[in-house]
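Structure first, commentary second.
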Amino acid sequence: MEKQTMHFSITINAPTAKVWDTMLQDATYRQWTAPFNPEGTSWYEGDWTQGSKILFLGTGENGRLDGMVSRIREVRPHEFVSIEHLGVVQDGKEDTTSDIARQFAPALENYTFIDRNGATDVQVAMETAEQHKEMFAASWPSALQQLKQLAER
């Protein structure tokens, strides 16, 4: 399924190391990603080490465990992280082959952190299918605002 790349960005008045930690540490990740899962909670299982498998999870309708099966493609601490989405998690089961999985994968989601004299520009580039663009266009700006609020504390 053909993917399109969407871009989002925000300037955060905090050093890149603090923004990086706020974005990727478990406790704050759960907070800033809330706009992507209004029905429940959002978290990850795994780690941000290059080459490692990571599951991005959330509770969906009726408490279902849904999310993404991914791999950390590249990491340059405090500069760049690339996530390769491989499939989906539906009702707790990993799926990398169905039509639904192919709507989301393969796809890349990249975060770039640029130091601007003590502030940080966070740039997000993510590949997605046409039918999901509206949802991400609504969710990403809100998520980045939450990330900004957390990192600027």
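The values are calculated or read from the model by the stated rules, or taken from the named source; none is laboratory data. Just so you know, these numbers come straight off a predicted model, no measurement behind them. So basically every Cβ, Gly included, is an ideal-geometry build from the backbone, and we count neighbours across all protein chains shown.
When restricted to residues that are outside any loop (DSSP other than H, G, I, E, B) and surrounded by fewer than 16 Cβ atoms within 10 Å (Cβ to Cβ), region 1-20 contains 6. With (1) modelled with pLDDT of 90 or more; (2) more than 20 Å from residue 125 (Cβ to Cβ); (3) of a type in the set (Gly, Ala, Ser) as the list, and residue 9 as the residue in question, which single condition is left unmet? Among (1) modelled with pLDDT of 90 or more; (2) more than 20 Å from residue 125 (Cβ to Cβ); (3) of a type in the set (Gly, Ala, Ser), residue 9 violates only (2). Number of residues in region 119-137 that are touching a residue at least 40 places away in the same chain (Cβ under 8 Å) and either within 25 Å of residue 90 (Cβ to Cβ) or not polar (S, T, N, Q) (or both) equals 13. Hey, can you tell me all the residues within region 124-136 that are of a type in the set (S, T, N, Q) and crowded, with 17+ Cβ neighbours inside 10 Å? The one that is of a type in the set (S, T, N, Q) and crowded, with 17+ Cβ neighbours inside 10 Å: 128.
Quick grid of which residues meet (1) closer than 23 Å to residue 35 by Cβ; (2) charged (D, E, K, R); (3) surrounded by 17 or more Cβ atoms within 10 Å (Cβ to Cβ); (4) in contact (Cβ under 8 Å) with a residue 40 or more places away in the chain:
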{"position": "64", "(1), (2), (3), (4)": "yes, yes, no, no"}
{"position": "67", "(1), (2), (3), (4)": "yes, no, yes, no"}
{"position": "94", "(1), (2), (3), (4)": "no, yes, no, no"}
{"position": "97", "(1), (2), (3), (4)": "no, no, no, no"}
{"position": "104", "(1), (2), (3), (4)": "yes, no, yes, no"}
{"position": "117", "(1), (2), (3), (4)": "no, no, no, no"}
{"position": "150", "(1), (2), (3), (4)": "yes, no, yes, yes"}
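Restricting attention to region 44-56, the residues that are out of contact with any Ser or Thr (no Cβ under 8 Å at 6 or more places or on another chain) and surrounded by 15 or more Cβ atoms within 10 Å (Cβ to Cβ) add up to 2.
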